[in-house]
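Q: What follows is a single structure, and I will ask about it in a moment.
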Amino acid sequence: MDTDTATYKTEVTAAFNGAAATYDRLGVEFFTPMGGRLVEFAAPRPGQRLLDVGCGLGATLLPAARLVGPEGSALGIDIAEAMIEEAAGEAARQDIGNVELRVMDGEHPDLPVRSFDLVLGSYSVIFLPDARAALARYAGLLRDGGRIAFTSPVFTRDTFPFLPPLFTDLIPMSLLRHLPPAWHPEQLHRQLHSWLEDPADLTAALRTAGFENVRVVDEPVDMTARSGQAWVDWSHTQGMRLLWQHLPADEAASLRARLVPALDALRGDDGLVHIDVPVRYVTAEVAR
Ligand SMILES: C[S@@+](CC[C@H](N)C(=O)[O-])C[C@H]1O[C@@H](n2cnc3c(N)ncnc32)[C@H](O)[C@@H]1O
């Protein structure tokens, strides 16, 4: 691993370790509904063995583990130890016994070949520096007939990275200059847009990685937040934490002051802030 990649991974790990205690628990619904929908696309069957890469607190892992049932098993891996500890607590709370959790770099999974029926990854593949190489490794982990199912943001050229179009006007692109090079627009375009933005490129990347019957479906998740303030607090517990961590205090304060009222203005009749978040659901079968 080169130094830049190692530094990047250390930062991502620290950010998610710092986020784990409150991750997805601050009055915003996004990862849980998205994870549930991904499981519907993946349709795990009783008795299957599945792997969830970058499992976080288990938004995908736990509903999938229920479906494979006691005859099946679910392994969740995550690079952030605190996420794995929280996910173990969540599995115990939900009384789901067929789950194993391990701290592991999902880019280089140290797991036996041809030992899974399904590989899942919700909003996690995008954190891998060389995701396309990782996809080929996942193909190797799958048994004949095995499938992969993952989500990613719908990347569009001029939107703020990872966020729905609404935020493009609220968060100046210039703030990206505070981030480490891995998050600068040119690097993000090279690493993510280049193969994830256009479904044809994505399909080609999956074929090269050893998959066939690729299906790409873009569908919005109705993200809800109790308030603009709740959304901003929540944004410190996911990937955007990396931005908050690098912003000078005055820029962070003015971003917060801009976001809170703008998001509060999106409250619906139910009193919740609703944000349509385009999500890309990708499924494919291993080609053999
Ligand atoms: C946005 S969160 C999504 C978590 C979960 N899949 C969900 O939907 O709630 C991304 C997760 O990927 C994990 N991650 C990032 N890079 C990783 C890597 N190289 N290997 C394994 N996990 C990684 C993070 O620690 C974090 O838990």
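Q: Looking only at strands (runs of 3 or more DSSP E) that fall completely inside the stretch 37-128, which ones have 2 or more residues that are open to solvent by 10 Å² or more (accessible area, probe 1.4 Å) and within 13 Å of the ligand (Cβ to nearest atom)?
A: By residue number, 99-103.
Q: Which condition number in (1) away from the ligand (no atom under 15 Å from the Cβ); (2) modelled with pLDDT of 95 or more; (3) buried (at least 16 other Cβ atoms within 10 Å of the Cβ) is the one that Phe160 fails?
A: (2)
Q: Working only within the stretch 250-288, note down all residues that are of a type in the set (Gly, Ala, Ser), under 29 Å from Cys55 (Cβ atoms) and surrounded by fewer than 16 Cβ atoms within 10 Å (Cβ to Cβ).
A: Of everything in the stretch 250-288, just one residue is of a type in the set (Gly, Ala, Ser), under 29 Å from Cys55 (Cβ atoms) and surrounded by fewer than 16 Cβ atoms within 10 Å (Cβ to Cβ), namely Ala287.
Q: Then there is this: Can you pull out every residue in the stretch 212-249 that is part of a strand (DSSP E or B) and open to solvent by 30 Å² or more (accessible area, probe 1.4 Å)?
A: Glu212, Asn213, Val214, Arg215, Val216, Val217, Asp218, Glu219, Pro220, Asp222
Q: Go through the residues of the stretch 187-210 one by one and say whether even a single one is modelled with pLDDT of 95 or more, part of a loop (DSSP other than H, G, I, E, B), under 30 Å from Thr283 (Cα atoms) and open to solvent by less than 20 Å² (accessible area, probe 1.4 Å).
A: The answer is yes; a qualifying residue exists.
Q: Still on this structure, please answer the following. For residues in the stretch 129-138 being among the aliphatic types (A, V, I, L, M) and open to solvent by less than 10 Å² (accessible area, probe 1.4 Å), which is farthest from the ligand (Cβ to nearest atom)?
A: Leu135
Q: Here are some residues: Glu29, Glu11. Which one is within 11 Å of the ligand (Cβ to nearest atom), open to solvent by 20 Å² or more (accessible area, probe 1.4 Å), in contact (Cβ under 8 Å) with a residue 60 or more places away in the chain and among the charged types (D, E, K, R)?
A: Only one candidate passes the filter, namely Glu11.
Q: Can I ask one more? Quick check on my filter: what residues within the stretch 166-179 are outside any loop (DSSP other than H, G, I, E, B), touching a residue at least 40 places away in the same chain (Cβ under 8 Å) and open to solvent by 20 Å² or more (accessible area, probe 1.4 Å)?
A: Matches in the stretch 166-179: Leu166, His178.
The values are calculated or read from the model by the stated rules, or taken from the named source; none is laboratory data. This one's a predicted model, so the numbers in the text were calculated from it and none came from an experiment. Glycine also receives a Cβ, built like all others from the backbone with ideal geometry; neighbour counts cover every protein chain displayed. The protein model used for the area step is the full one, side chains on, heavy atoms only, and it has no ligands, DNA or RNA in it. Shrake-Rupley method; radii C 1.70, N 1.55, O 1.52, S 1.80 Å.
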